[in-house]
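A.B. asks: First the structure, then my questions, so here it is.
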Amino acid sequence: MARNELILSDVTKRFGGLTAVDALSLKVEEGQIYGVIGPNGAGKTTVFNCITGIYKSEEGSVNWRGEEIRGLTPYQIVDRGIVRTFQTIRLFSQMSVAENIMSGRHIKSSQKLWHGIIHTAASRRDELFNWHKVEEQLDFFDLGEFAATPTGSLPYGIQRRVEMARALAVEPTLLILDEPAAGLNDKETLELLETIFKIRGKGVTVLLIEHDMDMVMEMTDYLAVINFGKLIAEGTPAEIQQNPAVIEAYLGSEDDDDE
Ligand SMILES: Nc1ncnc2c1ncn2[C@@H]1O[C@H](COP(=O)(O)OP(=O)(O)O)[C@@H](O)[C@H]1O
Ligand SMILES: [Mg+2]
């Protein structure tokens, strides 16, 4: 049986008088594609920020494989195998695709920065190994032909892939994606779906926020629906589609999040 990897218990995050996340609890199991949905402003990104150490929730617990990680720094959380992408693409647009992926490797080996500065034989070995890992990602994400291309000049769908390749280069156990299909056309969304299935196929657990309902229903194993920072429903996509509270809060309303 799959074990729980990530358990949020009563997580609360406030901004001044606003409770962005309100006593939220959820459980993500190993190997799942777990979706978080909810209207714009529901608190989805804030939850992810509480998991990845951007914010520390005022209350509650964030447990990762038996360890309390609430309050750890983003780097410490990456070290534990939790890696994310952002709602808006954050790549070095002047840098090549390969260099962007390499930057993921550098996050992983940042503690060895010293070696890099003094150019030891060990650092050269590391660098060679890192380039080998970058090549693996270029292959896996079918990005080889763009390896030397400045990322900023590529279509959006490909930039998304580069972002995921960079995240995977960190060799995560849990990959967190904030609206990966935002701004993609239908064909790119379909490719993204395949890519995410492929990532899961490597044994990586995937936690994602997504606005594209068709995509969410097709790809997730389990869904949490949040509204005003609270969990209003959870279950399989089929269960969620029939949940009256969800239909009322979310599925019934047309809501465009294009941030
Ligand atoms: N850094 C911040 N400071 C103040 N308010 C914030 C901050 N980040 C998010 N919020 C507010 O918290 C609520 C939830 O935001 P967010 O998590 O971004 O929602 P979602 O990702 O579901 O669209 C919103 O009302 C938003 O304005
Ligand atoms: Mg958001």
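The values are calculated or read from the model by the stated rules, or taken from the named source; none is laboratory data. What you are looking at is a predicted structure, and each value in this text was computed from that prediction instead of being measured. We place every Cβ from the backbone using ideal geometry, glycine too, and count neighbours over all the protein chains shown.
A.B. asks: Given the conditions (1) more than 22 Å from Ala98 (Cα to Cα); (2) touching a helix residue (DSSP H, G or I) at 6+ places or on another chain (Cβ under 9 Å); (3) surrounded by fewer than 21 Cβ atoms within 10 Å (Cβ to Cβ), and given that Lys202 satisfies all but one, which numbered condition is not satisfied?
C.D. replies: (1)
A.B. asks: Further, regarding this structure: Just name the residue that is farthest from ligand 2 (Cβ to nearest atom) out of those in region 75-93 that are part of a loop (DSSP other than H, G, I, E, B) and among the β-branched types (Val, Ile, Thr). Spell out the reasoning first.
C.D. replies: Going residue by residue through region 75-93, those that are part of a loop (DSSP other than H, G, I, E, B) are 80-81, 85-93.
Checking which are among the β-branched types (Val, Ile, Thr) leaves us with 85, 88-89.
Numbers: Thr85: 12, Thr88: 10, Ile89: 14 Å.
Looking at residues that are part of a loop (DSSP other than H, G, I, E, B) and among the β-branched types (Val, Ile, Thr), I get Ile89.
A.B. asks: Give the number of residues within region 187-202 that are assigned to a helix (DSSP H, G or I) and closer than 16 Å to Ala165 by Cβ. Can you show your working first?
C.D. replies: In the first step, residues of region 187-202 are kept if they are assigned to a helix (DSSP H, G or I); the result is 187-201.
With the extra rule that they be closer than 16 Å to Ala165 by Cβ, the set shrinks to 188, 191-192, 194-201.
Number of matching residues: 11.
A.B. asks: When only residues in region 175-186 that are of a type in the set (A, V, I, L, M) and in a loop (DSSP other than H, G, I, E, B) count, which is nearest to Asn40 (Cα to Cα)? Don't jump to the end; show me each part of the working.
C.D. replies: Taking region 175-186 first, the residues of a type in the set (A, V, I, L, M) are 175-177, 181-182, 184.
Imposing the further condition that a residue be in a loop (DSSP other than H, G, I, E, B) reduces the set to 181-182, 184.
Values: Ala181: 15, Ala182: 13, Leu184: 18 Å.
Among them, the one singled out is Ala182.
So that you can scan it fast, the table gives a plain yes or no per residue for (1) modelled with pLDDT of 90 or more; (2) closer than 25 Å to Thr46 by Cα; (3) more than 16 Å from ligand 2 (Cβ to nearest atom):
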{"site": "Ile158", "(1), (2), (3)": "yes, no, yes"}
{"site": "Thr173", "(1), (2), (3)": "yes, yes, yes"}
{"site": "Glu191", "(1), (2), (3)": "yes, no, yes"}
{"site": "Val216", "(1), (2), (3)": "yes, yes, no"}
{"site": "Thr236", "(1), (2), (3)": "yes, yes, yes"}
{"site": "Ser253", "(1), (2), (3)": "no, yes, yes"}
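A.B. asks: List pairs: first in region 204-228 and free of Cβ contacts under 8 Å to residues at least 40 places away in the same chain, second among the hydroxyl-bearing types (Ser, Thr, Tyr) and not in a loop (DSSP other than H, G, I, E, B), Cβ under 8 Å, 6+ apart or cross-chain?
C.D. replies: Partner pairs satisfying both residue conditions: Asp212/Thr189; Met215/Thr189.
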